Amino acid sequence: HNCIFCKLYFELLDSNVEFSNCWLSNFLNSCPEKKYLAPALLLWVLVSLSNAQCFFKPMPPDDHTHCRDDVDNTMHAIGSKWRNSKCMDCTCSSCCYGYSTPKRFPSDCVSVFDPKACKYVVLKKDNPSELCPVYAAVGK
């Protein structure tokens, strides 16, 4: 069986590896609930490929020259870009978080959000003046 998910995965990684038989294909063929599992798996793949740090909003009608920021209720000219009070970088059609969220760092450290700088800082728990390395983060 050809496994489209495996081929898609390796194409995304720019790999030349081809699989003619894949564990996912074998699993789906042996699973009696595969008619429910396959759509759920497809949804999971699509969500994982999307950027969950952004959201899109409807554009104002063509006769409008400005749009409203949903967080601050401020008006902005169509085509402009701004950062709102929740550290989101916005246009009239979308907003994205303007910072990365640390996910992997040493266990003796803690992440702290600085709302003025719109960024996380990872500091030693026992010495907050010492910065810690960040091994993985999501966003931005």
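Put simply, when 99-105, 87-93 are sorted by average Cβ atoms within 10 angstrom per residue, most first, you get 87-93, 99-105.
Normalised by the number of residues in region 100-139, the mean separation of alpha-carbon contacts (under 8 Å, six or more apart) gives a relative contact order of 50 percent.
What the phi angles of region 56-65 give under the Karplus curve with 6.51, -1.76 and 1.60, with θ = phi - 60°, is a coupling list of 10, 10, x, 6, x, x, 4, 7, 8, 10 Hz, glycine and proline written as x. A simple count of charges around VAL138, restricted to other residues whose Cβ falls under 11 Å of its Cβ and scoring Lys, Arg +1 and Asp, Glu -1, yields +3. Put simply, the C-alpha atoms of region 54-97 give a gyration tensor, and the ellipsoid matching it has half-axes of 17, 11, 8 Å, longest first.
In terms of the mean number of neighbouring beta-carbon atoms within 10 Å, the peptides 64-73, 124-133 order highest first as 64-73, 124-133.
Since every read-out is calculated from the coordinates, none of them should be taken as a lab result. Computed from a predicted structure; not experimentally measured. Positions of Cβ are backbone-derived with ideal geometry, glycine not excepted, and every protein chain shown enters the neighbour counts.
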